[in-house]
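Trainee: I'd like to ask you about the structure that follows.
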Amino acid sequence: MSEEVTETGPAPDTLDAASAKIADRMAPPPEPEPTPEPEAAPEPPAEDQITQTQRQLASYQHQLDQEYAAIQAEERKVMSLRRDDPAEYSARAFDLMQAKEQFAMRANQLQQATQQFDSQHSEHAAKKHMRYLEDQKKTLERDLGWNTEKAQKLVKYLRGKGWSDTELSQVTDARAVKLAWRAMQADLGKRKVLPKKKTTRADARARVDADLRRRNESPHTVKAAGDRIAAMGLFRGS
């Protein structure tokens, strides 16, 4: 194998060690010793650890990219010797084959380490999001007495204002929910039916006269006068 390939690629055990480090870092801590009081669940990897692992994986991927480029360059040189120098071609072709095998092994190790990290990181992110949602729910319960009925009322109101289900599903911040709830309360308060205007004596007399005209009766009869007096009498003292 040419010196160009071996010098460009990482040491054969680099990704083995990296995979072990990643597994150790991402693996949950050992279970605590039994105690009379229940132990809190182990915390997921800290954000700085996750960032560090991401950088390591990116660095190993960069090394593999460089090694792959070197193997391709060596392969072109070896193929150029096939006709002009068969002996040299055979020796370097054997070295090239071994380099490709080593590269495939390390690439597979990196792929497994990346898949393991992605799986554990996704689980960590999901748990973090669930804790966030639970905290927001507790805030709404404390500040608004939040429950299913109120949630349904707010959803119905916002849908009436043109909000889509996708937009509603993205509202997770308790502050935004409280603002929307107060806006709804203020809006619905303005829509309350105003109390009916109190009927006066003049209104009662006008109603009697309108009724007489509807029946084609004269407004100057004794009966009409009695109807007016009776209607207005209902409002004595008003």
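The values are calculated or read from the model by the stated rules, or taken from the named source; none is laboratory data. For clarity, every value in this text was computed on a predicted model and none was experimentally measured. Ideal geometry is used to build each Cβ from the backbone, glycine not excepted, and the neighbour counts take in all protein chains shown.
Trainee: From the list A180, A225, pick out the single residue that is at pLDDT below 90 and not charged (D, E, K, R).
Mentor: A225
Trainee: Kindly provide the set of residues from the range 154-171 that are surrounded by fewer than 15 Cβ atoms within 10 Å (Cβ to Cβ) and assigned to a helix (DSSP H, G or I), ordered by number.
Mentor: Passing the criteria: K156, R159, G160, D165, T166, E167, L168, S169.
Trainee: Right, another one. For the list (1) over 30 Å from Q115 (Cα atoms); (2) modelled with pLDDT under 80, I need the number of the one condition that E31 fails.
Mentor: E31 satisfies every listed condition except (1).
Trainee: Identify, from the list Q98, Q136, the residue that is touching a residue at least 60 places away in the same chain (Cβ under 8 Å) and either part of a helix (DSSP H, G or I) or of a type in the set (D, E, K, R) (or both).
Mentor: Within the list Q98, Q136, the selection yields Q98.
Every residue, every condition in (1) buried (at least 17 other Cβ atoms within 10 Å of the Cβ); (2) modelled with pLDDT under 90; (3) in contact with a Gly (Cβ under 7 Å, 6 or more places away or on another chain); (4) not in a helix (DSSP H, G or I), yes or no:
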| site | (1), (2), (3), (4) |
| --- | --- |
| A69 | no, no, no, no |
| Q72 | no, no, no, no |
| R82 | no, yes, no, no |
| S90 | no, yes, no, no |
| Q112 | no, no, no, no |
| Q120 | yes, yes, no, no |
